[in-house]
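**Q** The following block contains the structure, expressed as C-alpha coordinates.
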Amino acid sequence: MPPTYALERLLSGNGSKTVAGIDEVGRGAWAGPVAVCAVVTDLSEPPAGLTDSKMLTPARRTAMFDEIVTWAVGVGYGEATHAEIDELGMTEALRRAAGRALAELPVRPDVVILDGKHDYLGAPWPVRCEIKGDLSCVSVAAASVVAKVRRDAYMASLAGVEEYGFADNAGYPSPIHQQALERLGPTEHHRLSWSYLDDLPRWRHLKRHRNPLAGEGQLGLFG
(Lines give C-alpha, C1' and ligand atoms only; values in the text may rest on other atoms or scores of the structure.)
Protein backbone atom coordinates (compact mmCIF):
# COMPACT_ATOMS: atom_id res chain seq x y z
CA MET A 1 0.00 0.00 0.00
CA PRO A 2 1.49 3.40 -0.98
CA PRO A 3 1.93 6.16 1.60
CA THR A 4 -1.02 8.47 2.16
CA TYR A 5 -1.78 11.88 3.66
CA ALA A 6 -3.92 10.44 6.45
CA LEU A 7 -1.59 11.51 9.26
CA GLU A 8 -0.64 14.80 7.64
CA ARG A 9 -4.33 15.71 7.27
CA LEU A 10 -5.04 14.76 10.87
CA LEU A 11 -2.18 16.82 12.27
CA SER A 12 -2.71 19.79 9.98
CA GLY A 13 -6.45 20.11 10.48
CA ASN A 14 -6.85 19.47 6.74
CA GLY A 15 -4.33 22.13 5.84
CA SER A 16 -4.68 24.81 8.51
CA LYS A 17 -1.27 23.91 10.01
CA THR A 18 2.04 23.23 8.27
CA VAL A 19 3.35 19.70 8.73
CA ALA A 20 6.86 18.54 7.91
CA GLY A 21 7.87 14.92 7.45
CA ILE A 22 11.38 13.98 8.58
CA ASP A 23 13.57 10.96 7.93
CA GLU A 24 17.24 10.17 8.48
CA VAL A 25 19.89 8.05 6.80
CA GLY A 26 23.34 6.98 7.89
CA ARG A 27 22.58 6.15 11.52
CA GLY A 28 24.16 2.68 11.26
CA ALA A 29 27.04 3.54 8.93
CA TRP A 30 30.65 3.27 10.10
CA ALA A 31 31.80 6.25 8.07
CA GLY A 32 30.44 9.59 6.94
CA PRO A 33 27.76 11.88 8.34
CA VAL A 34 24.26 11.16 9.51
CA ALA A 35 21.80 13.00 7.26
CA VAL A 36 18.27 14.24 7.86
CA CYS A 37 15.73 15.60 5.40
CA ALA A 38 12.55 17.54 6.12
CA VAL A 39 9.78 17.85 3.52
CA VAL A 40 6.67 20.05 3.52
CA THR A 41 3.94 19.48 0.93
CA ASP A 42 0.64 21.16 0.06
CA LEU A 43 -1.17 17.79 0.27
CA SER A 44 -1.22 17.56 -3.52
CA GLU A 45 -0.78 14.34 -5.47
CA PRO A 46 2.75 13.03 -4.84
CA PRO A 47 5.09 11.70 -7.52
CA ALA A 48 3.90 8.33 -8.83
CA GLY A 49 5.52 5.39 -7.08
CA LEU A 50 6.72 7.37 -4.06
CA THR A 51 7.59 5.12 -1.13
CA ASP A 52 10.34 4.46 1.40
CA SER A 53 13.71 4.94 -0.30
CA LYS A 54 14.81 1.42 0.67
CA MET A 55 12.06 0.04 -1.56
CA LEU A 56 13.38 1.83 -4.66
CA THR A 57 16.29 1.02 -6.95
CA PRO A 58 19.14 3.56 -7.06
CA ALA A 59 18.05 4.71 -10.51
CA ARG A 60 14.43 5.14 -9.42
CA ARG A 61 15.52 6.99 -6.27
CA THR A 62 17.51 9.46 -8.34
CA ALA A 63 14.59 10.08 -10.70
CA MET A 64 12.22 10.38 -7.74
CA PHE A 65 14.57 12.89 -6.08
CA ASP A 66 14.24 15.25 -9.05
CA GLU A 67 10.46 14.94 -8.95
CA ILE A 68 10.27 15.59 -5.21
CA VAL A 69 12.35 18.77 -5.18
CA THR A 70 10.12 20.19 -7.94
CA TRP A 71 6.83 19.09 -6.39
CA ALA A 72 7.32 19.77 -2.67
CA VAL A 73 6.55 23.12 -1.04
CA GLY A 74 9.84 22.90 0.84
CA VAL A 75 12.80 20.54 1.17
CA GLY A 76 15.43 20.98 3.87
CA TYR A 77 18.57 18.89 4.30
CA GLY A 78 21.01 18.76 7.21
CA GLU A 79 23.97 16.67 8.28
CA ALA A 80 25.99 16.01 11.40
CA THR A 81 29.57 15.00 10.67
CA HIS A 82 31.37 11.88 11.81
CA ALA A 83 33.35 14.10 14.19
CA GLU A 84 30.13 15.42 15.77
CA ILE A 85 28.86 11.86 16.16
CA ASP A 86 32.09 10.86 17.92
CA GLU A 87 31.99 13.86 20.21
CA LEU A 88 28.29 14.10 21.00
CA GLY A 89 26.75 10.68 20.36
CA MET A 90 24.16 9.75 17.78
CA THR A 91 21.08 11.19 19.50
CA GLU A 92 22.53 14.70 19.70
CA ALA A 93 23.99 14.39 16.20
CA LEU A 94 20.54 13.53 14.85
CA ARG A 95 19.01 16.46 16.71
CA ARG A 96 21.52 18.85 15.17
CA ALA A 97 21.10 17.44 11.68
CA ALA A 98 17.31 17.65 11.97
CA GLY A 99 17.52 21.23 13.21
CA ARG A 100 19.68 22.14 10.23
CA ALA A 101 17.20 20.50 7.85
CA LEU A 102 14.24 22.34 9.39
CA ALA A 103 16.13 25.64 9.21
CA GLU A 104 16.42 25.21 5.42
CA LEU A 105 12.65 25.03 4.91
CA PRO A 106 10.97 28.14 3.47
CA VAL A 107 8.19 27.86 6.06
CA ARG A 108 8.38 26.92 9.74
CA PRO A 109 6.35 23.76 10.42
CA ASP A 110 3.72 23.75 13.15
CA VAL A 111 4.09 19.98 13.57
CA VAL A 112 6.84 17.50 12.68
CA ILE A 113 6.30 13.83 11.82
CA LEU A 114 9.43 11.94 12.80
CA ASP A 115 10.04 8.49 11.36
CA GLY A 116 10.54 5.90 14.10
CA LYS A 117 9.62 5.64 17.76
CA HIS A 118 12.21 7.92 19.38
CA ASP A 119 11.92 11.71 19.49
CA TYR A 120 15.50 12.84 18.95
CA LEU A 121 14.37 16.35 17.98
CA GLY A 122 12.52 17.61 21.04
CA ALA A 123 11.55 21.14 22.06
CA PRO A 124 10.59 23.57 20.74
CA TRP A 125 9.20 21.39 17.94
CA PRO A 126 5.84 19.60 18.41
CA VAL A 127 6.74 16.08 17.30
CA ARG A 128 4.67 13.06 16.33
CA CYS A 129 6.75 9.88 16.13
CA GLU A 130 5.47 7.40 13.58
CA ILE A 131 6.89 3.89 13.29
CA LYS A 132 7.41 3.04 9.61
CA GLY A 133 6.38 6.57 8.71
CA ASP A 134 8.52 6.30 5.58
CA LEU A 135 6.05 3.66 4.35
CA SER A 136 2.80 5.25 5.53
CA CYS A 137 3.23 9.06 5.28
CA VAL A 138 3.80 10.90 2.01
CA SER A 139 6.01 13.65 3.46
CA VAL A 140 8.20 11.19 5.39
CA ALA A 141 8.59 8.93 2.35
CA ALA A 142 9.68 11.94 0.31
CA ALA A 143 12.16 12.91 3.02
CA SER A 144 13.60 9.38 3.03
CA VAL A 145 14.32 9.58 -0.71
CA VAL A 146 15.99 12.98 -0.58
CA ALA A 147 18.12 12.09 2.45
CA LYS A 148 19.27 8.82 0.88
CA VAL A 149 20.11 10.27 -2.54
CA ARG A 150 22.02 13.25 -1.16
CA ARG A 151 24.02 11.29 1.40
CA ASP A 152 24.83 8.51 -1.07
CA ALA A 153 26.07 11.09 -3.58
CA TYR A 154 28.29 12.68 -0.97
CA MET A 155 29.81 9.35 0.08
CA ALA A 156 30.44 8.41 -3.57
CA SER A 157 32.21 11.74 -4.14
CA LEU A 158 34.90 11.16 -1.48
CA ALA A 159 38.33 10.90 -3.05
CA GLY A 160 41.20 8.62 -2.08
CA VAL A 161 39.08 5.99 -0.34
CA GLU A 162 38.08 3.81 -3.27
CA GLU A 163 39.28 0.62 -1.53
CA TYR A 164 36.46 1.00 1.01
CA GLY A 165 33.71 0.90 -1.61
CA PHE A 166 31.86 3.98 -0.35
CA ALA A 167 30.35 4.52 -3.82
CA ASP A 168 28.43 1.27 -3.32
CA ASN A 169 28.06 0.87 0.46
CA ALA A 170 27.80 4.55 1.49
CA GLY A 171 29.91 3.84 4.58
CA TYR A 172 27.85 0.88 5.80
CA PRO A 173 29.68 -2.36 6.75
CA SER A 174 29.80 -4.28 3.48
CA PRO A 175 32.40 -7.07 3.03
CA ILE A 176 34.62 -4.79 0.91
CA HIS A 177 34.44 -2.09 3.57
CA GLN A 178 35.26 -4.54 6.37
CA GLN A 179 38.21 -6.02 4.48
CA ALA A 180 39.63 -2.58 3.74
CA LEU A 181 39.36 -1.63 7.40
CA GLU A 182 41.29 -4.74 8.43
CA ARG A 183 44.09 -3.98 5.93
CA LEU A 184 44.25 -0.21 5.98
CA GLY A 185 42.49 0.96 9.12
CA PRO A 186 39.96 3.79 9.37
CA THR A 187 40.06 6.84 7.12
CA GLU A 188 39.55 10.47 8.07
CA HIS A 189 35.84 9.90 7.34
CA HIS A 190 35.29 7.06 9.82
CA ARG A 191 33.48 7.26 13.13
CA LEU A 192 36.15 6.43 15.68
CA SER A 193 33.79 5.90 18.60
CA TRP A 194 32.09 2.95 16.87
CA SER A 195 32.66 -0.51 18.31
CA TYR A 196 33.90 -2.03 15.01
CA LEU A 197 37.34 -0.90 16.19
CA ASP A 198 37.12 -3.35 19.08
CA ASP A 199 37.39 -6.14 16.51
CA LEU A 200 40.45 -4.69 14.76
CA PRO A 201 43.52 -5.34 16.95
CA ARG A 202 45.85 -3.31 14.70
CA TRP A 203 43.65 -0.23 14.90
CA ARG A 204 41.97 -0.57 18.30
CA HIS A 205 44.19 2.13 19.78
CA LEU A 206 42.46 4.71 17.57
CA LYS A 207 39.09 4.28 19.25
CA ARG A 208 37.58 7.36 20.86
CA HIS A 209 35.47 7.03 23.98
CA ARG A 210 32.49 9.28 24.43
CA ASN A 211 30.02 9.86 27.22
CA PRO A 212 28.38 6.42 27.70
CA LEU A 213 25.02 8.14 28.21
CA ALA A 214 25.17 9.62 24.69
CA GLY A 215 24.04 7.79 21.57
CA GLU A 216 23.49 4.09 21.02
CA GLY A 217 25.80 1.10 20.95
CA GLN A 218 26.89 -0.25 17.58
CA LEU A 219 27.42 -3.75 16.27
CA GLY A 220 30.97 -5.04 16.16
CA LEU A 221 32.72 -6.04 12.97
CA PHE A 222 32.24 -9.77 13.32
CA GLY A 223 29.14 -10.07 15.49
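**Q** For the chain, what is the accessible area per residue in Å² when the probe is 1.4 Å?
**A** 47 Å²
**Q** Right, another one. Give me the number: length gained by fully extending residue 57 to residue 184, i.e. 0.36 nm times residue separation minus the C-alpha to C-alpha distance, one decimal in nm. Please list the in-between numbers first.
**A** Details: separation 127, 0.36 × 127 = 45.72 nm, distance 3.08 nm.
Gain in length upon complete extension: 42.6 nm.
**Q** Please report the net charge: other residues with Cβ closer than 9 Å to the Cβ of residue 176, K and R +1, D and E -1. Kindly include the intermediate steps, with their values, before the conclusion.
**A** Working: positive: none; negative: 163, 168.
Summing Lys and Arg as +1 and Asp and Glu as -1 gives -2.
**Q** Which of the trypsin sites (Lys or Arg not before Pro) across region 90-154 are loop residues per DSSP, with 10 or fewer other Cβ within 10 Å? Walk me through the intermediate numbers first.
**A** Details: sites: 95, 96, 100, 117, 128, 132, 148, 150, 151; in loops: 117, 132.
Passing sites in region 90-154 are 117.
**Q** Given a Förster radius of 35 Å and the C-beta distance between residue 209 and residue 132 as r, what FRET efficiency does 1/(1 + (r/R0)^6) yield to the nearest 0.05?
**A** So, using R0 = 35 Å, E works out to roughly 0.55.
**Q** May I ask you to order 58-68, 155-165 by the average number of other C-beta atoms within 10 Å around their residues, highest value first? Present the calculation step by step, with values, prior to reporting the outcome.
**A** On the way: 58-68: 16.5, 155-165: 14.9.
So the order, starting with the most tightly packed, is 58-68, 155-165.
**Q** Starting from the Cα of residue 117, draw a straight line to each of the lysines and keep only those under 29 Å, dropping any in the same chain fewer than 8 residues away.
**A** Partners within reach: 17, 54, 132, 148.
**Q** So what's the gap between the Cα centers of region 146-181 and region 1-17, to the nearest angstrom?
**A** About 35 Å separates the Cα centre of region 146-181 from the one of region 1-17.
**Q** Let me ask something else about it. May I ask you to derive the relative contact order of region 74-128, considering only C-alpha pairs under 8 Å and at least 6 residues apart, and to give it as an integer percent?
**A** Values: 64 pairs, mean separation 20.0, N = 55.
That works out to 36 percent.
**Q** With a sphere of radius 12 Å drawn around the Cβ of residue 122, what net charge do the other residues whose Cβ falls strictly inside it have (Lys, Arg +1; Asp, Glu -1)?
**A** Working: positive: 95, 96; negative: 92, 119.
Result for the local shell: 0.
**Q** Any idea what the relative contact order of region 21-139 is, in percent, if you count C-alpha pairs under 8 Å spaced at least 6 apart?
**A** Numbers: 209 pairs, mean separation 37.1, N = 119.
Here the relative contact order equals 31 percent.
**Q** Right, here's the next one. Kirkwood-based Rg over Rh for the chain (C-alpha set), two decimals?
**A** Values: Rg = 17.9 Å, Rh = 17.9 Å.
Computed over Cα atoms, the ratio is 1.00.
**Q** Report the local net charge at residue 71: Lys and Arg +1, Asp and Glu -1, summed over other residues whose C-beta lies under 12 Å from its C-beta. All intermediate terms of the calculation are to be shown ahead of the outcome.
**A** Values: positive: none; negative: 42, 45, 66, 67.
For residues surrounding residue 71, the net value is -4.
**Q** If you bin every alpha carbon distance in region 105-204 into 10 Å steps from zero, what whole percent lands in each bin?
**A** Answer for region 105-204: a P(r) of 13, 32, 26, 24, 6, 0 percent.
**Q** May I ask you to give the percent of accessible area on the chain that is carbon plus sulfur, with a probe radius of 1.4 Å? Please report the intermediate quantities before stating the final value.
**A** Details: 5750 of 10470 Å².
Ligands and nucleic acids excluded, carbon and sulfur give 55 percent.
The values are calculated or read from the model by the stated rules, or taken from the named source; none is laboratory data. Please read these numbers as outputs of a predicted model, since none were measured by experiment. Heads up, the Cβs are rebuilt from the backbone with ideal geometry, glycines too, and the neighbour counts pull from every protein chain shown. For accessibility, only protein heavy atoms count, side chains too; no ligands or nucleic acids. Shrake-Rupley method; radii C 1.70, N 1.55, O 1.52, S 1.80 Å.
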